[in-house]
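The values are calculated or read from the model by the stated rules, or taken from the named source; none is laboratory data. Given the structure is predicted, the values throughout are model-derived calculations rather than measurements. As a convention, Cβ positions derive from the backbone with ideal geometry for all residues, glycine included, and neighbour counts pool all protein chains shown. Accessible surface areas use protein heavy atoms only, side chains included; no ligands, DNA or RNA. Shrake-Rupley method; radii C 1.70, N 1.55, O 1.52, S 1.80 Å.
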Amino acid sequence: MLNDLPNTLRRLVGLPPAYRYTSPARNEGEWSMVTLCYRLGLKVEDAHQIMDSAAFPSGFRYREFTIPKRDGSPRQLLEPGPKLKQVQRRILTMLLRKAQPHHAAYGFRRKKSIADHAWAHANSRIIITADIQDFFPNTTRQHVKQWWHEQGFSTPEVRLLTALTTLHGSLPQGAPTSPPLSNLVNAQMDTALERHIQASGGIYTRYADDLCFSWPEGYAPPADFEFAVRSVLHEYGYALHPDKGWQVWDRDEEPTITGVVITKHGSVDIPDSMKRIMRTLQQHGTAADDTRLQGYQGYQRMITREPRPEKASAGLGKAPIKSPRLR
């Protein structure tokens, strides 16, 4: 009751000013966003600046640099500042790691590798490899925003999570959240591509921007298959690489998929160029080269070991599940 006295009367009787609680939320709809900030270790004022301003607070800005691709062309990378990277890692741990991507997506997943991606097609006769151009830059902010919304987050939460995981309208290549999000937001695309190939008896997998389609002996792609794939990719904002976007192989040609070789005998192996390096190290290497040789040998064992068949409970053929809420 005394707390209801005006501060003028409180001063006359020697009482301190009344405590007035000020909510960190601008309105009731933002309470969920304030809770999200607390869970992510993010200051509410920083969250508002990130959502409302093009200029991120100190420690939340990206550093841009380039590294050479395998073909020598530059690859742009965007490294988040230390504070932003810490928040993104919490998003990764608390939200993204438990979310299930489409089973055809092999990249950026625990217990999945480029070997698993290739072994899925080892027994096929006809193999098509395709490469998406500028995969991360073309994974749009709108797709990320839609995915967060589909997980049941409120509008303020969606705004914040989208701002924390995108930059300049797309996924920044270099942020820890970008690889898993690139799988999760493309689950519907993977479903559409798989539906097209299953109708003709084939198999589809994707490792990041590398697509692979294959058919066993006695089956073949339909005449309009390339058009169908390009149409699905276009629907989701992607296009095939103009130079290496579409290649058709017979297994006897021993095609290379994500850096490993599908042999004509129905197995997976490392490239001949790597085997030559290993022979050179074995025959002419010094004692200092032993560690390097052991690394190559370990990689070869990983690639050539046929993976165990997945259990039915592993989620094959099931719709992707939603991520857990931060509650």
Original post:
What are the residue pairs meeting all of these: first residue in the range 214-234, first residue more than 14 Å from Gln198 (Cα to Cα), second residue charged (D, E, K, R), Cβ atoms under 7 Å, and 6 or more apart or on different chains?
Top reply: Glu217/Arg125
Original post:
Which one of these does Ile132 not meet: (1) within 30 Å of Pro82 (Cβ to Cβ); (2) in contact with a Leu (Cβ under 8 Å, 6 or more places away or on another chain); (3) touching a residue at least 60 places away in the same chain (Cβ under 8 Å)?
Top reply: (1)
**OP:** Kindly list the number of the only condition in (1) under 17 Å from Lys112 (Cβ atoms); (2) open to solvent by less than 10 Å² (accessible area, probe 1.4 Å) that fails for Phe225.
**Re:** (1)
Subject >> the range 94-116 - residue that is among the aliphatic types (A, V, I, L, M) and part of a helix (DSSP H, G or I) and, of those, most open to solvent (accessible area, probe 1.4 Å) >> reply: Met94
Subject >> Breaking point among (1) out of contact with any His (no Cβ under 7 Å at 6 or more places or on another chain); (2) open to solvent by less than 50 Å² (accessible area, probe 1.4 Å), for Lys264 >> reply: (2)
Original post:
without any contact (Cβ under 8 Å) to a residue 40 or more places away in the chain and farther than 15 Å from Ala120 by Cβ, is that true of Glu254?
Top reply: yes
Subject >> Condition broken by Arg159, with the remaining ones in (1) in a loop (DSSP other than H, G, I, E, B); (2) at negative phi; (3) open to solvent by 10 Å² or more (accessible area, probe 1.4 Å) satisfied >> reply: (1)
**OP:** Report, by residue number, each residue of the range 53-93 that is touching a Gly at 6+ places or on another chain (Cβ under 6 Å) and either of a type in the set (A, V, I, L, M) or open to solvent by 90 Å² or more (accessible area, probe 1.4 Å) (or both).
**Re:** Arg61, Leu77, Leu78, Pro82, Lys83
Subject >> Qualifying residue in the range 237-246 (condition: within 19 Å of Ala118 (Cα to Cα), of a type in the set (Asp, Glu) and without any contact (Cβ under 8 Å) to a residue 12 or more places away in the chain) >> reply: no
